[in-house]
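Okay, so here's the structure we're looking at.
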Number of protein chains: 2
Amino acid sequence: MRLLTDTINNITGRDESFRAAATSRLDGLTMPHWALGRLMDLAVDLCGMTRTMRPRVERKMVVVFASDHGVCAERVSLYPQEVTAQMVHNFVNGGAGINALARRAGADIRVVDMGVAESLESLATEGKILSRKIRPGTSNIAVGPAMKLDEAALAVEAGIEIANALSESIDIFGTGDMGIGNTTASAAIVSVVTGLAPREVTGTGTGIDQAQLQHKISVIERAVAINAPEPADGLDLLAKVGGFEIGAIAGLILGAARLRRPVIVDGFISTAGALIAATLSPSCRDFIIAAHKSAERGHAAALRRLGLEPLLDLNMRLGEGTGAALAMNLVEAAVGVLTEVATFTEAGVSRADER
Amino acid sequence: MRLLTDTINNITGRDESFRAAATSRLDGLTMPHWALGRLMDLAVDLCGMTRTMRPRVERKMVVVFASDHGVCAERVSLYPQEVTAQMVHNFVNGGAGINALARRAGADIRVVDMGVAESLESLATEGKILSRKIRPGTSNIAVGPAMKLDEAALAVEAGIEIANALSESIDIFGTGDMGIGNTTASAAIVSVVTGLAPREVTGTGTGIDQAQLQHKISVIERAVAINAPEPADGLDLLAKVGGFEIGAIAGLILGAARLRRPVIVDGFISTAGALIAATLSPSCRDFIIAAHKSAERGHAAALRRLGLEPLLDLNMRLGEGTGAALAMNLVEAAVGVLTEVATFTEAGVSRADER
């Protein structure tokens, strides 16, 4: 718990003086006032995060945390649990959605086993993934807590440690997830934190039908009723209805915030992690960039709760960090606007008429 | 007119067999069904445009057409007319918004003088811009037509010729514009084609206030009333209330469609050009990718009219092709999904449970 406490205690929010300086520079660029809209808002945010007028965002990494979920025993997903491990192999072989999109973004990928049911030791030994396995999958939240409180702390600290270990080599992080069943855990978290009923924040995940969705909602209702998680206590919430990969995502966000590095939060599962992180340290939100609005029901409510406006809305619902990878180019574009566009004075362009 | 007629006659729409083959491949990728949403829709579109399962989109160019507008005499813009030429110099010197964003997208820029009031001969002689100047600015649409009908045809043909000249070296085009006063001409075009009143499709352009906006609307109302352009006749419409750069944008779109190359249409002015192009050849719409929803009022209505759904919505309203440049990464990402992601069979991942 020491690392977690130290990290939380050392997160300070955005720097208003750098935000003001960035705003002032952008106000003078050779274009109508604030004509690049959200790219300019983003540039201001980046300066406030990094305390510099030239934020570095070149060295990009998506960290994909994988884990299994005991709640799969309730048949909440369309896919069998073995797919979690199979997809880790797919990541390692470069054949998944996140591989294609990270490649296009010029981002590295790190895959972390937080609790995949199957053994992935050989991949870890070969250095192809990082193993921070807590145990082979959480317990079934429909009958009891997902994990013990000390396991929850371990999961979050794993994410913090990964951020810290990358502090010399990475400028900007993206969060990613893989775990059959994890929209169920995430919907439970979102329901508890937002106060919305499970049916209002539960989506079809991998593509279940309406009857299966009703069943999934009833499983989440049961999980919340049985475990009675504390909405304001992130670790309790994580332990009772979360997942190991969700805890690690929360940790990566806290670690990035502590390092004053931007962290691009992907979709529904990553945002559940962000809700946990924000419960532990509200200031960490200042370092989050919301990549996209997922097609998964409940995501918009989760983002609203965090006060985040997503950059993209492309009807995506894959996870893996795919939205985060896609948003990285927009972040680089925002920095390009800030650092490469000339001011009216520099370019000798006439300003707006005084009337 | 020969080139225009030949081009229009040789545009055929999307190829359904390649669309079907792309859909079939994407259906089998290792992810829940269609989980990358609009990226997958876009991949299907690209295959239908290019008649290949591996659309090439690496060699990218934004063509920025610059021209002046006689309607500036009515004081419709916040900026003096000289800014058009000054911004061309800024493009050449690499200091404008489009330079920063094209650089990030890995796209080249070509700047074309279609009718800038000031002489830009030295830039053209040095090869820094292309000169296709029709004359130094259109006539004032508030008192008569913008140009003669044969000038309108010349403007469109200039755009077609540029597309043709780049056919060996460019895979995908982006449209861009520069011209103080061109939101006035564009709003007139959008009003006539959509049948919406000028006040419903006229925005604040470079940032005029409400009183100036009322004035701008009245100028557009006058221009439409005096010239009575024919909504279904693109050349008549262009001649009466358009602009040289708007005509060239229409031509670039037609030329790209004839070459079966995708063309990313930027914001409000470019979409006015697309409306002209679609009047001349409805099938050209199959080759258009709408980059973003501009903050300029009237843009959404224009896109709706064309049946286009924009990829981005970032509160931008700069023009220059900035939205098109920003969308290029999304197009490359779509191709990456199509060509680099493994299928369930290839990756040995279990499919959804049969229930």
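The values are calculated or read from the model by the stated rules, or taken from the named source; none is laboratory data. Fair warning: this is a prediction, and the values are worked out from it, not measured in the lab. Cβ placement follows ideal geometry from the backbone for every residue including glycine, while neighbour counts extend to all protein chains displayed. These area figures cover heavy atoms from the full protein model, side chains too; ligands, DNA and RNA do not enter into them. Shrake-Rupley method; radii C 1.70, N 1.55, O 1.52, S 1.80 Å.
So here's what we get for this one:
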quantity	calculated
Which numbered condition residue B:53 fails, given (1) touching a Leu at 6+ places or on another chain (Cβ under 7 Å); (2) among the aliphatic types (A, V, I, L, M); (3) surrounded by fewer than 24 Cβ atoms within 10 Å (Cβ to Cβ)	(1)
Filtered residues of segment A:96-107 (kept if touching a residue at least 60 places away in the same chain (Cβ under 8 Å) and either open to solvent by less than 10 Å² (accessible area, probe 1.4 Å) or in contact with a Ser or Thr (Cβ under 9 Å, 6 or more places away or on another chain) (or both))	A:96, A:97, A:98, A:101, A:102, A:105
Residue match in segment B:269-289 (condition: within 14 Å of chain A (Cβ to nearest Cβ), in contact with a strand residue (DSSP E or B) (Cβ under 6 Å, 6 or more places away or on another chain) and crowded, with 24+ Cβ neighbours inside 10 Å)	yes
Failed condition for residue A:345, given (1) assigned by TED's automatic domain parsing to the domain that holds residue A:282; (2) surrounded by fewer than 18 Cβ atoms within 10 Å (Cβ to Cβ)	(1)
Top-ranked residue in segment B:1-43 [being in a helix (DSSP H, G or I), more than 30 Å from residue A:80 (Cα to Cα) and basic (Lys, Arg); ranked as farthest from the other protein chains (Cβ to nearest Cβ)]	B:2
Single residue of segment B:127-163 satisfying the filter (in contact with a helix residue (DSSP H, G or I) (Cβ under 6 Å, 6 or more places away or on another chain) and surrounded by fewer than 20 Cβ atoms within 10 Å (Cβ to Cβ)) that is farthest from residue B:70 (Cα to Cα)	B:128
Inter-residue pairs, beta-carbon under 7 Å, first within 13 Å of residue B:197 (Cβ to Cβ) and in segment B:215-226, second of a type in the set (Lys, Arg) and open to solvent by 70 Å² or more (accessible area, probe 1.4 Å), 6+ apart	B:217/B:199
Tally, over segment A:298-329, of residues that are part of a helix (DSSP H, G or I), within 25 Å of residue B:31 (Cβ to Cβ) and more than 7 Å from every other protein chain (Cβ to nearest Cβ)	10
Matching entry among A:117, A:124 (being over 28 Å from residue A:221 (Cα atoms) and either open to solvent by 10 Å² or more (accessible area, probe 1.4 Å) or not assigned by TED's automatic domain parsing to the domain that holds residue A:66 (or both))	A:124
Number of positions in segment A:58-73 that are in a loop (DSSP other than H, G, I, E, B) and either among the hydroxyl-bearing types (Ser, Thr, Tyr) or surrounded by fewer than 21 Cβ atoms within 10 Å (Cβ to Cβ) (or both)	2
Filtered residues of segment B:172-182 (kept if in contact with a strand residue (DSSP E or B) (Cβ under 7 Å, 6 or more places away or on another chain) and either under 13 Å from residue B:242 (Cβ atoms) or open to solvent by 10 Å² or more (accessible area, probe 1.4 Å) (or both))	B:177, B:178, B:179
Failed item in (1) open to solvent by less than 10 Å² (accessible area, probe 1.4 Å); (2) within 19 Å of the chain's Cα centre (by Cα); (3) away from chain B (no Cβ under 14 Å), with residue A:48 passing the rest	(2)
Within segment B:79-95, considering residues that are in contact (Cβ under 8 Å) with a residue 24 or more places away in the chain and part of a loop (DSSP other than H, G, I, E, B), the one most open to solvent (accessible area, probe 1.4 Å)	B:81
Where residue B:76 falls short, out of the listed (1) in a helix (DSSP H, G or I); (2) of a type outside the set (Phe, Trp, Tyr); (3) in the same structural domain as residue B:176 (by TED's automatic domain parsing)	(1)
In segment A:206-242, residue surrounded by the most Cβ atoms within 10 Å (Cβ to Cβ) [restricted to those that are of a type outside the set (A, V, I, L, M, F, W, C) and closer than 23 Å to residue A:134 by Cα]	A:242
Inter-residue pairs, beta-carbon under 8 Å, first closer than 24 Å to residue A:273 by Cβ and among the basic types (Lys, Arg) and in segment A:42-71, second assigned to a helix (DSSP H, G or I) and open to solvent by less than 20 Å² (accessible area, probe 1.4 Å), 6+ apart	A:60/A:105; A:60/A:328
Complete set of residues in segment A:117-127 that are within 14 Å of chain B (Cβ to nearest Cβ) and either in contact with a Ser or Thr (Cβ under 6 Å, 6 or more places away or on another chain) or charged (D, E, K, R) (or both)	A:118
